[in-house]
Amino acid sequence: MDLYICPVCKSKNHEKEKYCTQCGTWLLSDAFPAQKVKMGTQPDRLYICAFCDTANEPWRNACKKCLKPLFGTEYVTKEIKVIHSSALLKFLKVIMFILSGITILFGLMLYAFSVDQKLLSIPLTLLVLTFIQLLFGLISPTLFLVRKGMTRGKLFGICSLAIIILFFTAAKLSPQQQINRSSIEAVAATPKDSEKASSDDQREQFINSTKQIPYIDLARNPDKFKGEHISYQGQVVQVLEQGNYVGLRVNVTKGAYDIWQDTVFVNYRKQSGEDRILEKDIIDLWGDVKGLKTYKTVLGSETAIPEIDAKYITIKENKKP
């Protein structure tokens with residue numbers, strides 16, 4: 001079925017109409033004939049009005065919004081090519097919306113569960129969304145940087161560099177890094193009483209005064225045992241070092257298949273010449289119950305484990321991974 005485009009008001013009329021249904025113009029005039037087009041036909045190009053930036057179909061002589069002439073000698077009307085949607089383009093559009101949704105969900109989770117990175121999560125999410133929409137052509141580079149020579153490729157590179165910098169910053173400021181840093185600082189701030197070398201008699205006397213407390217009791221009522229001398233044997237799962245000060249996460253319960261579990265946090269100051277403690281080491285430790293050690297996980301949630309200020313540690317063996 002054909003349609004006739006009115007030469008005056010540019011409205012579409014059925015092929016059976018002889019007069020424009022909008023303005024009444026004679027459509028079959030020899031002087032100003034109406035343009036004949038197929039119904040459902042999509043133009044392969046559009047003309048941008050020099051006055052209001054409205055996109056107009058190629059059969060229009062005047063802008064459909066401001067009604068000013070599209071073509072003249074005093075100004076240039078920009079012509080753009082139209083790429084019609086295909087199955088691939090529709091598929092890419094779906095992928096774009098999926099990636100955008102995942103990015104927004106990630107940003108909301110980072111904002112909700114992170115305490116120290118709330119402000120960082122907002123620009124990071126917006127930048128990744130901009131990157132995705134720029135990649136799929138939904139956003140024009142001129143919306144951001146109105147400069148000559150600024151192409152989509154250049155802006156794409158700028159966004160990529162900004163995302164890398166933000167992710168690097170997030171990694172440096174991540175809760176886990178802050179846990180490690182604060183743990184080491186806490187170890188460094190322990191009282192200087194343990195800096196004096198203990199004699200063999202003092203060591204033996206202290207070791208004999210310690211007792212073993214079931215982990216479940218210590219974890220459930222840490223304040224009840226605070227200050228008591230305690231001893232454990234366990235496997236080191238994490239080592240945090242700053243000079244002679246060491247922070248250890250130690251599993252103190254040996255389960256089935258020689259798998260250690262039930263974690264405590266241990267503060268310790270190594271003596272001069274003492275061997276380094278490594279992950280997977282099996283150690284004996286003697287010290288005082290300090291209470292609970294609370295820190296944030298990578299996802300931002302808080303967890304607490306018993307904390308011990310160790311006075312003496314002996315390495316028994318190293319269990320290879």
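Derivation of every value follows stated rules applied to the coordinates shown; laboratory data play no part. All figures in this text were calculated on a predicted structure; none of them were measured in a lab. Every residue, glycine as well, gets a Cβ built from its backbone with ideal geometry; the counts of neighbours run over all protein chains shown.
With both partners inside the range 206-321, how many of the DSSP beta bridges are antiparallel, as a percent to the nearest 5? The answer is about 90 percent antiparallel.
Tell me the trypsin sites (Lys or Arg not before Pro) within the range 217-247 that lie in a loop according to DSSP and have at most 16 other beta-carbon atoms within 10 Å. Don't skip to the answer; put the middle values down first.
On the way: sites: Arg220, Lys224, Lys226; in loops: Lys226.
Passing both the DSSP loop test and the Cβ count: Lys226.
Compute the Cα gyration tensor for the range 193-318, then decide on rounded, prolate or oblate, letting a ≥ b ≥ c be the square roots of its eigenvalues: rounded whenever a/c is under 1.5, prolate when a/b is larger than b/c in the other cases, and oblate in all that remain. Here the range 193-318 falls in the rounded category. With Cα atoms defining each centre, the range 1-29 and the range 260-289 are spaced 91 Å apart in the structure.
Taking other Cβ atoms within 10 Å as a rough exposure proxy, Glu274, Glu74 sort from fewest to most as Glu74, Glu274. Ignoring aspartates and glutamates fewer than eight residues from Lys36 along the same chain, the ones with Cα atoms less than 19 angstrom from its Cα are Asp2, Glu15, Glu17, Asp44, Glu57. Here the label points at Gln238 and Leu126, each 7 Å from Cα along the C-beta direction, are separated by 3.3 nm in the simple model. Using the structure shown, select from Lys16/Lys78; Lys18/Lys68; Lys211/Lys316; Lys18/Lys78; Lys254/Lys290; Lys270/Lys293 the pairs with a Cα to Cα distance greater than 29 angstrom. Violating the 29 Å Cα-Cα cut-off are Lys16/Lys78; Lys18/Lys78. Apply 1/(1 + (r/R0)^6) to the Cβ-Cβ distance of Glu74 and Phe106, taking R0 = 41 Å, and write down the FRET efficiency to the nearest 0.05. Approximately 0.20, to the nearest 0.05.
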